[in-house]
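Encoded as C-alpha cells, the structure appears first; notes follow it.
The values are calculated or read from the model by the stated rules, or taken from the named source; none is laboratory data. Keep in mind it's a predicted model, so treat the numbers as computed, not measured. Using ideal geometry, Cβ is built from the backbone for each residue, glycine included, and neighbour counts are taken over all protein chains shown.
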Amino acid sequence: MMAKRPAALVLIVAVAALGVWLAARAPDHSSTCANSGFQDYEVYVPPGDRSGGVGCPTVLVVHGGCGVWGDKSWPAPTALSRWLARDGFRVVNVNYRLAPSEPYPTAIVDVQAAAKDFSGDGPVFLVGISYGALLAEAVAAMQPHQVRGLVALSGVHDPATLDNPWLMLSMGPTSCTSGLVRSPLRQATGAFPPTLLVHGDADRVVPFEQASFAARTLRAVGCEVSLVRLSGWGHVDDFTPTVYRVAYPHIRAWLSIRCSEASPHPAPGG
C-alpha cells in the first residue's frame, strides 16, 4: 500500500523539493511590500544593492494559473525573479486576486495598480507567464506609454479560442464561448510596446497557435514583435524550471536591449 502513494501527495513532495533546490541555486535579494489590503509583491534587487533598486529597470513578473490559482511564491516565478535580479534588474513578483471569489477582470486591475506603483522610478517591463501574459497584455494595451516592453511565456493571448474549463471558471461560464472576453491584443494600436513571445511548439496546454495569433495581430498594426519558438518544448508554467532555463537567455538578452534603448543608464548584464 505504501508503494502506491496518491498522485497528489507525490506532486506536493516534488514541488516542495523543487522549491528547496531552486532556493539553494539562486541567492535571495528580496523584500516584501504591500499594496492596499489584498495584494502583495515580492521585490528583488541586484546583489549588493542597498537602494531598493532605485535607478534599475523594473520588471513585473505575473504568474499563471488560469486566474483561479497561483501565487508569486511558486517555484518558477520565484526562480525567474531571482535570475533577473542577479542580472541587474529590479523585479516585482506580483500577486493578484483570484476567481471565483474575484472574477476577471479584477486581476487586470491588480496588475495595473502594480505597474503604476513602480512606474515612477524608470522604465517598467512586464513578463507574463501563461494566463499572466493575458493580464500583462491588457495592462500594456491600456497603458502603452507606461509599459516599455512585454514578454509572454507560453501566453494565453485569445481566451475565446481555448476550450479550458478553468478559464471559463475565472471569466464566467459563458464569457469565453460567447466572445465577451476578447483578446486585449485586438485593441492594440501601433503604440503597443515592443513584445517578445516565447512559446514551445509542443505545448498541449496553450497551443503554439496562440503565440502565432499574437504575432500576426500585433504586426498587423505595426507593432514590433519577436517570436521565439522553443522546438520540442511544452508549456512554460509555474512548476517547470527546466523550460525556464531554455527560455531565460532569450528573455535576458531581449530585456537588456530594450533597457539600453529606454534608459540612459547602462543596460543590466551589459
Residue 166 passes all but one of (1) over 18 Å from residue 90 (Cβ atoms); (2) part of a strand (DSSP E or B); (3) of a type in the set (Phe, Trp, Tyr); which number fails? (2)
Taking into account only those residues within segment 67-95 that are within 12 Å of the chain's Cα centre (by Cα), buried (at least 24 other Cβ atoms within 10 Å of the Cβ) and not aliphatic (A, V, I, L, M), which is nearest to residue 152 (Cα to Cα)? 77
Taking segment 188-222 and keeping only residues that are crowded, with 21+ Cβ neighbours inside 10 Å and not in a loop (DSSP other than H, G, I, E, B), one is left with 195, 196, 197, 198, 199, 200, 210, 211, 214, 218
The residue that is surrounded by the fewest Cβ atoms within 10 Å (Cβ to Cβ), considering only those in segment 224-259 that are at pLDDT 85 or above and of a type in the set (Ser, Thr, Tyr), is 231
Please go through segment 120-153 and give me each residue that is assigned to a helix (DSSP H, G or I), more than 21 Å from residue 225 (Cβ to Cβ) and either under 9 Å from the mean Cα position of the chain (by Cα) or touching a residue at least 40 places away in the same chain (Cβ under 8 Å) (or both), ordered by number. 121
